[in-house]
Structure formats: C-alpha cells, structure tokens
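Q: Can you read through this structure? Questions will come right after.
Just so it is clear, none of the values below were taken in a lab; they were calculated from the coordinates. Just so you know, these numbers come straight off a predicted model, no measurement behind them. Please note: Cβ atoms are built from the backbone with ideal geometry, for glycine as well, and neighbour counts cover all protein chains shown.
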Amino acid sequence: MDVSVLLLVSALLPFVLLLGYKLEGRKADGFAIAITGLSLIFNVAALLVYRMGSVYHYSILSAGNVGEVFGILTDTASVLVGLVTAIVSFLVVVYTADYVVKAHAEFPVEGGKGKFYALLGLLIGSTMTFIYGTNMVQFIVSLELMAIALSWLIDFYGNAPLDAIKSFLVLNIGVVLMLIALAMLGNHQALSGMRWVSAGTKRDVMLLVTFAAFAMSSQFFFYSWLPKSTKGPVPVSAIIHSVSVTAMGVFLLFRIIQYLGPYKHLFYVLVPFSVLMILLMMIYYPIQSDSKTLIAYSTISQAAIGYMTLAYAAYGSSLGLQIATYQVINHAFVKALAFLTVGAMSYSLGTTDMRSIRGLAHTLPAVSTSWFLSFFGLAGVLPLGMFFAKAYESMTNAHAPGIYSWLLPTLILFDAAILFVVVMVWFRRMFFGEAAKPEPVNRPTWPMYASMLALIVIGTVSPWVTIDLVSKIGFMGGL
C-alpha cells in the first residue's frame with residue numbers, strides 16, 4: 001500500500017472514536033485502545049515502506065480558486081512526528097482506561113468515558129491531519145478542531161469553565177492570524193506553491209504565522225492559558241504538552257520556514273521573544289508548588305527553545321530545521337511521561353501539590369522512580385532524550401550571529417540548571433520525608449505502569465535512533 005494512504009488512514013482513524021460517544025466502562029476502553037492501536041499500526045507500516053528522505057505530496061481535495069484544501073504530505077518530518085504522536089496517543093489511551101474511573105482519589109468519575117474518548121479522538125485526529133497538512137486551509141481547520149476539543153476536555157471535570165474558554169479564545173487568535181495569512185497567500189496557500197509569493201508577502205506571512213504559532217505554544221502574552229489547562233484530566237495535559245497544540249505551534253512555523261525559505265529578519269523577531277519567555281520561566285520555576293503547573297512552565301520554556309532554534313533556520317541553516325524537529329520528537333516522550341507520573345500521584349494520593357507529599361519513595365516506589373526520571377529528563381539529565389536535544393540546540397545556536405552565539409547556548413544551559421535545582425529541592429522534600437503522607441487511597445494499575453515504562457524505554461532509545469533520520473530534513477522552497 002502507498003505510504004501516503006497508510007498515513008491518511010492513520011490520521012483519520014482517531015476520528016472514529018466520535019462514534020463511541022455513548023459507550024461506557026470497559027466497552028469504551030476497548031474501543032479506544034483498538035482504534036488508537038490500529039492508528040499506530042498504520043503509522044508503523046508507513047515507516048517501514050517509506051524511503052527516508054523522500055517527499056510525497058498526496059492531494060485529496062481542492063476547492064475552486066483556493067486550490068488544495070486537504071492532502072497528505074509525506075516526508076521525514078511528518079513520518080517521524082506522526083509516529084511519535086501515534087505512540088504517545090496510544091499509551092495515553094491505555095493509561096486512561098484505569099485513570100478516568102470512580103476509584104480515582106482526586107477526581108472520581110462515574111460516567112462519560114465514551115464522551116472523553118470521543119473528544120480525545122477529535123484532538124488526536126486533528127493533530128495528525130495538521131502534521132500531514134499540505135496547505136494553510138488544512139492547518140486552520142485542524143487547529144480549529146483542536147480548539148473545540150480542548151474547550152470541552154479542559155473542563156471535563158466541570159472545574160475550569162473559564163480556563164476552557166480562555167484556551168479556545170487564544171487558539172482562535174491563532175486561527176484569525178492564519179486566516180489573514182491565507183488571504184494574503186491567495187492561490188499560493190499550499191506549501192508547494194509558497195515559493196512563488198513576493199518578498200513583501202513572504203515577510204508578512206512569516207510574521208503572522210509566527211504569532212499564530214506563539215498563541216498555540218503559549219508564548220509571548222499568550223503564555224497563561226497553558227498552565228491553567230492542567231486543571232483538566234492529566235491524559236489531556238499529556239497530549240496537549242507533548243504532541244498536540246504546543247508542539248504543533250513549533251511544527252507550523254517549521255513548515256512555513258521550510259517551504260517559504262529563509263528570512264533573516266525573522267531571526268531578530270524570534271530570538272528576543274524566546275529569550276524573554278525563557279527568562280520569565282526561570283523566575284516561575286521556583287515558585288511552583290503543584291507538579292502539573294511546574295511541568296506546564298517547562299513546556300513553555302521548551303517551546304521557546306524550539307523557536308530559538310527555528311530562528312537559526314530562518315537565518316538560513318537547515319540545521320535549525322533538523323534540531324527543532326529532533327527537539328519536538330524527544331521532548332514528546334519525556335513530557336508525556338512527566339504528566340502520566342504526576343497523574344499516578346493524583347490517582348493514588350489525591351493530590352499533585354508537592355508541599356503535601358512526603359515519603360513517596362516508600363509508599364509508591366515505582367511512581368517515585370518515574371517522577372525522578374521524567375523531571376530530571378526535563379532538566380536535560382540522562383538517560384532520557386532531552387539531554388541530547390538540549391546539547392544539540394546549544395551547539396546549533398553557538399553558530400548564531402554576533403552576541404547570540406554565546407547568549408543563546410548560555411541561556412539554554414541556565415534554564416536547565418535552574419529547573420534541575422528546583423527539581424532537586426522538591427525531590428528531597430517529597431521522597432525522603434520522615435512520615436509518609438498522604439497514604440495511598442489506591443495504587444496505580446499495571447496498564448498505567450506499563451504506559452510509563454514504555455515511555456521511559458522509548459524516551460531513552462529515541463535520541464539515538466532519530467538523530468541520523470532528522471539530518472535528511474532540509475528546505476523545500478523559496479531558495
């Protein structure tokens with residue numbers, strides 16, 4: 001079967017979960033696991049038949065003067081990022097089967113499981129159609145579907161209606177900016193046709209898409225929506241922060257730079273905003289007491305580093321495209337693991353407030369090990385892949401012009417160091433307290449442990465496997 005067809009099926013399968021909206025209990029679990037499992041199988045099959053480095057453009061639907069509105073772009077970036085999305089989504093669904101239940105210590109749920117999976121399927125499916133997108137129309141529609149899914153999922157417990165509305169409005173700012181870019185591109189809105197736009201249009205589209213991506217990734221003055229979104233179920237946060245909206249902001253700008261071509265002036269837009277966001281997050285790390293919001297602020301920082309690396313791509317180096325993709329891939333596994341780990345605390349202890357947890361190494365040793373690996377991984381400590389991502393980002397940005405050649409790598413290292421110190425302080429308090437508290441109401445189940453273990457293994461292997469593969473990524477137009 002053609003690789004593009006395999007990816008098309010993989011992208012559309014998660015939408016099938018909408019059909020199980022009224023299912024409950026184990027029927028809903030089985031249906032969701034089967035559908036996301038099939039999606040993963042099709043992704044793996046696509047990887048096996050794909051000739052790495054090749055580019056295939058599979059056009060499916062066009063609309064009058066607008067041109068192509070739906071298609072599948074198969075290249076190294078989409079195949080790798082799509083596979084990562086399928087893996088994380090499947091593991092999150094397996095974890096969810098025993099997480100969204102009545103036995104949950106903090107957020108017991110008696111019904112609505114089919115509804116949850118349906119909305120999660122909408123989020124995953126729209127993310128995957130975004131990844132394989134061939135044109136601005138497809139990016140816009142996919143983002144709008146993500147915004148709709150999130151507006152329901154963030155308030156799934158009924159405790160965050162305003163935060164859900166805020167996420168919807170911020171993401172729709174991104175949609176509006178992209179619509180303006182679409183109008184400016186006209187019949188050149190497909191990626192393959194962007195090389196033909198004028199220099200003025202290229203400049204304006206770059207700027208519009210940059211701020212749309214910032215809205216998606218919680219950057220600039222949009223940054224507050226993402227930490228607030230953690231009030232929703234942990235599996236939702238795991239998807240949002242690792243492979244969906246925030247990662248897709250970086251991926252969107254990656255695609256535009258890749259096809260529009262380098263634009264050096266964008267470097268001086270991306271870098272100041274990225275530097276400011278990283279500095280702001282370094283201030284926020286020490287004052288967080290909830291593990292979910294600490295993870296959220298690290299996501300914002302990692303996205304800023306991704307944009308910093310893309311700034312080097314905008315300056316003219318394909319290495320910036322490669323390392324930005326490498327970071328998105330390896331960050332996904334570590335971030336998903338971090339959220340599933342704190343979800344296990346919420347499930348067993350009824351809290352994610354780090355001030356109230358003591359003696360975790362004695363009460364939940366497996367969870368404490370996973371917490372240790374995930375949070376240290378976010379700080380760039382081995383064995384997980386963020387160590388390599390941060391190292392390559394530092395080396396890449398060392399080639400930036402002027403003062404930025406030392407400022408950017410130094411900032412990346414300082415960000416990692418401050419997060420590491422914060423994690424060490426909490427580690428000492430949470431794991432080696434005199435009295436173990438609170439006592440576990442229940443313990444994580446084997447599917448939850450299996451999902452976390454799989455992320456640890458994959459997150460350790462991934463950097464070694466993907467570094468050579470991303471080296472095949474380069475500019476596709478506008479040169």
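Q: With no solvent and one point on each alpha carbon, what is the Debye value of log10 I(q)/I(0) for the stretch 223-327 at q = 0.13, 0.22 Å⁻¹?
A: Cα-only, vacuum Debye calculation for the stretch 223-327: -0.49, -1.11.
Q: Give me the distance in nm between label points sitting 7 Å out from Cα along the Cα-to-Cβ direction at ALA45 and ARG355, one decimal.
A: According to this spin-label approximation, the distance is 5.3 nm.
Q: Give me the distance in nm between label points sitting 7 Å out from Cα along the Cα-to-Cβ direction at LYS472 and MET395, one decimal.
A: According to this spin-label approximation, the distance is 2.1 nm.
Q: Pairs of alpha-carbon atoms within less than 8 angstrom and 6+ residues apart define the contacts here; what relative contact order does the stretch 4-138 have, in percent? Before the final figure, lay out each step's value.
A: Details: 204 pairs, mean separation 53.5, N = 135.
This gives 40 percent for the stretch 4-138.
Q: Here is a follow-up. Label-point separation (nm) for TRP446 and ASP290, each offset 7 Å from Cα along Cα-to-Cβ?
A: In this crude spin-label approximation the distance works out to 3.4 nm.
Q: Among 128-141, 240-253, what's the highest-first ranking by average C-beta atoms within 10 angstrom per residue?
A: On the way: 128-141: 25.4, 240-253: 28.1.
Ranking the peptides 128-141, 240-253 by packing returns 240-253, 128-141.
Q: Percent relative contact order of the stretch 128-228, based on C-alpha pairs within less than 8 angstrom and at least six residues apart?
A: Details: 102 pairs, mean separation 27.9, N = 101.
Normalised by residue count, the contact order of the stretch 128-228 is 28 percent.
Q: Of the listed peptides 367-376, 454-463, what is their order by residue-averaged count of other C-beta atoms within 10 Å, with the highest listed first?
A: Numbers: 367-376: 23.2, 454-463: 20.5.
Most protected by this proxy first, the peptides run 367-376, 454-463.
Q: Oh, and also: Leaving out same-chain residues fewer than 8 places away, which aspartates and glutamates sit with a Cα under 14 Å from that of LYS437?
A: Once the sequence-local aspartates and glutamates are set aside, what remains near LYS437 is ASP353.
Q: Where Lys and Arg each count +1 and Asp and Glu each count -1, what net charge lies around THR341 among other residues with Cβ under 13 Å from its Cβ?
A: Details: positive: LYS292, LYS335; negative: none.
In short, +2.
Q: Among the aspartates and glutamates, select those whose C-alpha is under 19 Å from the C-alpha of LYS264, and discard any that sit fewer than 8 residues away in the same chain.
A: ASP204, GLU393
Q: Quick one: check the C-alpha center-to-center distance for the stretch 452-477 versus the stretch 102-155, whole angstrom.
A: Centre-to-centre (Cα) distance: 25 Å.
Q: Multiplying the sequence separation of ILE180 and TRP464 by 0.36 nm and subtracting their Cα-Cα distance, what value in nm do you get?
A: Values: separation 284, 0.36 × 284 = 102.24 nm, distance 4.03 nm.
Result: 98.2 nm gained on full extension.
Q: Specify whether the C-alpha gyration tensor of the stretch 19-69 places it in the rounded, prolate or oblate class, a ≥ b ≥ c being the square roots of the eigenvalues: rounded for a/c under 1.5, otherwise prolate if a/b is larger than b/c and oblate if not. Before the final figure, lay out the partial values.
A: Numbers: a/c = 6.66, a/b = 1.51, b/c = 4.42.
In terms of gyration-tensor shape, oblate.
Q: Give me the number: length gained by fully extending ASN187 to ALA436, i.e. 0.36 nm times residue separation minus the C-alpha to C-alpha distance, one decimal in nm. Don't skip to the end; give the middle numbers.
A: Working: separation 249, 0.36 × 249 = 89.64 nm, distance 6.36 nm.
Gain on stretching ASN187 to ALA436: 83.3 nm.
Q: Relative to the present Cα-Cα distance, how much length would full extension add between ALA417 and GLU24 at 0.36 nm per residue of separation?
A: On the way: separation 393, 0.36 × 393 = 141.48 nm, distance 4.52 nm.
Full extension of this stretch gives 137.0 nm more.
Q: Using a 10 Å cut-off around each Cβ, can you sort ASP468, ASP353 from fewest to most neighbouring Cβ atoms?
A: On the way: ASP468 9, ASP353 14.
Starting with the residue having the fewest Cβ neighbours, the order is ASP468, ASP353.
Q: Same structure, new question: For the stretch 3-470, what is Rg from Cα atoms divided by 2.2 N^0.38 Å, rounded to two decimals? Please report the intermediate quantities before stating the final value.
A: Numbers: Rg = 20.9 Å, N = 468, 2.2 N^0.38 = 22.8 Å.
In units of the 2.2 N^0.38 Å rule of thumb, it is 0.92.
Q: While we're on this one: Suppose a student asked you for the relative contact order of the chain, using Cα pairs under 8 Å spaced at least 6 residues apart; what percent would you report?
A: Numbers: 896 pairs, mean separation 79.0, N = 479.
Relative contact order for the chain comes out at 16 percent.
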